[in-house]
Amino acid sequence: MIQGIGASSGIAIGKAFVLPTWEWDLPDQRIDSIDLAKEFERLYEGVRTSKNEIEFLKQEFREVVGPDQSSIFDAHLAILEDPVFMSEIQGIIERQYTAAEVAVKEAIDHFVKMFDLLDDEYMKERALDIKDVGNRLLKHLLGAPEITLPSDTNPYLLVAKELSPSQLANLNQNYVLGIATLQGGRTSHSAIMARALGIPFVLGLEGKLDDPIQTGDMLVIDGGDGTVFVNPAEEVLLEYTQLRDEQTEKKSKLRQLANVPAVTVDGTEMRLQANISSLKELNVALSHGACGVGLFRTEFLYMDRQHFPEEEEQFDVYREVAEKVGANHVVIRTLDIGGDKHLDYFALPEEDNPFLGYRAIRICLDRKELFKTQLRAILRASHYGNVKIMYPMISSLDEVREANEVLAEAKRELDQKGLPYNAQIPVGIMVEVPAAVTIADLLADEVDFFSIGTNDLVQYVLAVDRMNEQISHMYNPFHPAILRLLRMTVEAAKTKGIPISVCGELAGDERALALWVALGVHDLSMSAHSILHLKSRVLEMRKTDCLELKDKLYQCRTHREIEQLLHEFALHK
């Protein structure tokens, strides 16, 4: 047995295919000064082609796992747009009169070495992203073919020294049973992608193998605990085959719950909905038994294009979603760009702190014609289904009132054209800014519903950027302050008699489920892949037990005490 690091859970058994490493045959002759311009043009053309490929991969991957995981490729685009990286390549060409591919290889090696010397695991893992981008650029400059995978249709376990996000995105999931790599860490982009795709993944095997794994070796990997067996004994094969079959059976049983209502043992119904950003995601969600869409992220209609989408284009998408969902509701969030979401054709100002800057409803109220175009499209779609409008990042009554004035204008314009819509369309807000929590009772007088966006709420309350690896361990949704703010928001909604739901990551977190049941939050919206797991948990729970747990949770003084209580509750229920 070899002990690696489990990066994506699941058991895989099969024959190994060892991925060859990139080998580059670089030119060694110097170029003439008159050819410098030609080398720069070759470089720029390689960059353009590489960016187009990355954009395509991002789009394809997003359709499978959603926008959060596909944003990994934004980091690759950022490298190609980084002036420091490009200046380094250009400087090498100018100083050494080398071909563009030689300069790219030297620049990659320079930055990878620099990152590897840092005493920071996160930065070490970002070195793989630089290699990935650099290898893509080299491939185009040299006209080199892609590294080919097995051409037959026999499933295999992929073994590599390291695996880049681009290589992982290009794999055929029907044939890749699992992955084992010598290098890498749990926070690497490849590990994140493997988890999103549900592919068992073990990494960190370097220095632990007596002999290198060869193509054709029989492998057993457990992505949960990180164990790997090479050419195992028969009894080991039998043991892990049984464990794998048990996991498969469990998944099969979960799929059978798709059309089963999520009701606790003592009769409390939970409505498990989906967060989506495309029609493909909706289809996956409905197949998993989603009873509606609690968050339609419309900003992804605006991305990967050259201009803002027209009203008709938006209307067609919103209408199709509304029709597919049927009697259940669709909550359409208005445009939420800024922060970490940008449009190539809409220049946002450089900001020291973009998450606290010009974004979401602030942009919409500044660009009212843009906002009104979207509102008209949503209103028209409301004629075809149970559609609701939700404003993001609300922090004041003034914002709600101003947004509703634009909505009223959109309604008048549709009336003038004789176009049908639901005049009583419900309008709500995302509660994701601490200010919204503290005036939740006032906001509840102005809107028809609340939806708690826990992702931003947690980072704003705790002043922690969850994407910053230096402090991400401080991002804890079970901090006592968070639990108190959640309770305040729910109580305000109940007092004013408006519905409340949750659409952040905490909605799909099994640890938090008992809290939502106890607080009386019946609508939870999450990733489609979380719905069945959460539903199976609901079917085992009792609201009475959850109420007892809630009383204990609000007596806790630290997040560790809260997490321990939730862990013990999960073990016994």
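What to note about this one:
- Figure legend. Inter-residue proximity from segment 70-97: first residues outside the structural domain of Asn170 (by TED's automatic domain parsing), second residues modelled with pLDDT of 85 or more and acidic (Asp, Glu), beta-carbon distance below 6 Å, spacing 6+ or different chains. Indicated pairs: Ile92/Glu106; Ile93/Glu39.
- Residue selected from segment 418-438 under the condition among the small types (Gly, Ala, Ser) and not in a helix (DSSP H, G or I), by the criterion farthest from the chain's Cα centre (by Cα): Gly418
- Residue within segment 540-560 that is within 21 Å of Asn455 (Cβ to Cβ), in contact with a helix residue (DSSP H, G or I) (Cβ under 7 Å, 6 or more places away or on another chain) and of a type in the set (D, E, K, R) present: no
This table checks each residue for (1) among the charged types (D, E, K, R); (2) on the phi > 0 side of the Ramachandran plot; (3) touching a helix residue (DSSP H, G or I) at 6+ places or on another chain (Cβ under 6 Å).
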position: Gly204; (1), (2), (3): no, yes, no
position: Lys208; (1), (2), (3): yes, no, no
position: Met218; (1), (2), (3): no, no, no
position: Glu234; (1), (2), (3): yes, no, no
position: Gln242; (1), (2), (3): no, no, no
position: Asp245; (1), (2), (3): yes, no, no
position: Gln256; (1), (2), (3): no, no, no
position: Ala262; (1), (2), (3): no, no, yes
position: Gln273; (1), (2), (3): no, no, no
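- Between Glu63, Glu41, Glu55, Glu45, the distinction of being among the charged types (D, E, K, R) and either modelled with pLDDT under 75 or assigned to a loop (DSSP other than H, G, I, E, B) (or both) belongs to Glu63 only.
- Looking only at segment 263-281, and only at residues there that are in a loop (DSSP other than H, G, I, E, B) and over 15 Å from the mean Cα position of the chain (by Cα), the one that is surrounded by the fewest Cβ atoms within 10 Å (Cβ to Cβ): Gly267
- Looking only at segment 479-505, residues that are assigned to a loop (DSSP other than H, G, I, E, B) and more than 20 Å from Ile332 (Cβ to Cβ) come to 2 in all.
- Screening Leu462, Leu443, Leu414, Leu457 for residues that are more than 22 Å from Leu335 (Cβ to Cβ), surrounded by 15 or more Cβ atoms within 10 Å (Cβ to Cβ) and touching a helix residue (DSSP H, G or I) at 6+ places or on another chain (Cβ under 8 Å) leaves exactly one candidate, Leu462.
- Scanning segment 10-45 for residues that are surrounded by fewer than 17 Cβ atoms within 10 Å (Cβ to Cβ) and in contact with a Gly (Cβ under 9 Å, 6 or more places away or on another chain) yields a single hit, Lys15.
- In this structure, Val284 does not qualify as under 30 Å from Leu397 (Cβ atoms) and surrounded by 13 or more Cβ atoms within 10 Å (Cβ to Cβ).
- Single residue of segment 487-499 satisfying the filter (surrounded by fewer than 24 Cβ atoms within 10 Å (Cβ to Cβ) and of a type in the set (Val, Ile, Thr)) that is nearest to Phe449 (Cα to Cα): Ile498
- Neighbours by Cβ (under 6 Å, 6+ apart or cross-chain): first from segment 205-219, exposed (fewer than 11 other Cβ atoms within 10 Å of the Cβ); second part of a strand (DSSP E or B) and small (Gly, Ala, Ser): none
For every residue, the table says whether it meets (1) crowded, with 18+ Cβ neighbours inside 10 Å; (2) in a helix (DSSP H, G or I).
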{"residue": "Asn174", "(1), (2)": "no, no"}
{"residue": "Ala180", "(1), (2)": "yes, no"}
{"residue": "Asp225", "(1), (2)": "no, no"}
{"residue": "Glu235", "(1), (2)": "no, yes"}
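- Any hit, segment 508-521, residues being surrounded by fewer than 20 Cβ atoms within 10 Å (Cβ to Cβ) and touching a strand residue (DSSP E or B) at 6+ places or on another chain (Cβ under 8 Å): no
- Matching option when the condition is outside any loop (DSSP other than H, G, I, E, B) and in contact with a strand residue (DSSP E or B) (Cβ under 6 Å, 6 or more places away or on another chain), among Arg195, Arg186: Arg195
- Residue among Ala408, Ala347, Ala360 that is farther than 27 Å from Ile439 by Cβ and aliphatic (A, V, I, L, M): Ala347
- If you check Ala423, Ala436, Ala408 for being surrounded by 23 or more Cβ atoms within 10 Å (Cβ to Cβ) and modelled with pLDDT of 95 or more, only one passes: Ala436.
- Test for Arg484: is it in the same structural domain as Leu547 (by TED's automatic domain parsing), on the phi < 0 side of the Ramachandran plot and surrounded by fewer than 21 Cβ atoms within 10 Å (Cβ to Cβ): no
- Residues considered: Asp456, Asp441, Asp415, Asp465. Of these, the only one that is modelled with pLDDT under 95, out of contact with any Pro (no Cβ under 6 Å at 6 or more places or on another chain) and not in a loop (DSSP other than H, G, I, E, B) is Asp456.
- Enumeration of residues in segment 24-61 that are under 30 Å from Met303 (Cα atoms) and among the charged types (D, E, K, R): Glu41, Arg42, Glu45, Arg48, Lys51, Glu53, Glu55, Lys58, Glu60
- Of all the criteria given as (1) surrounded by fewer than 22 Cβ atoms within 10 Å (Cβ to Cβ); (2) modelled with pLDDT of 80 or more; (3) assigned by TED's automatic domain parsing to the domain that holds Gly91, the one not satisfied by Ile130 is (1).
- Hits in segment 349-371 (condition: in a loop (DSSP other than H, G, I, E, B), touching a residue at least 12 places away in the same chain (Cβ under 8 Å) and not basic (Lys, Arg)): Gly357, Tyr358, Ala360
- Candidates are the residues of segment 303-334 that are out of contact with any helix residue (DSSP H, G or I) (no Cβ under 9 Å at 6 or more places or on another chain) and over 21 Å from Ile531 (Cβ atoms); the one that is surrounded by the fewest Cβ atoms within 10 Å (Cβ to Cβ) is Gln306.
- Residue match in segment 542-554 (condition: of a type in the set (Asp, Glu), closer than 21 Å to Ala258 by Cβ and touching a Lys or Arg at 6+ places or on another chain (Cβ under 7 Å)): no
- Of everything in segment 309-348 that is part of a loop (DSSP other than H, G, I, E, B) and of a type in the set (D, E, K, R), the residue that is modelled with the lowest pLDDT is Asp340.
- Subset of segment 382-412 that is part of a loop (DSSP other than H, G, I, E, B) and either under 28 Å from the mean Cα position of the chain (by Cα) or among the β-branched types (Val, Ile, Thr) (or both) - its residue that is farthest from Gln314 (Cα to Cα): Ser395
The values are calculated or read from the model by the stated rules, or taken from the named source; none is laboratory data. Only a predicted model underlies this, so the values are computations on that prediction, with no experimental measurement involved. Ideal geometry is used to build each Cβ from the backbone, glycine not excepted, and the neighbour counts take in all protein chains shown.
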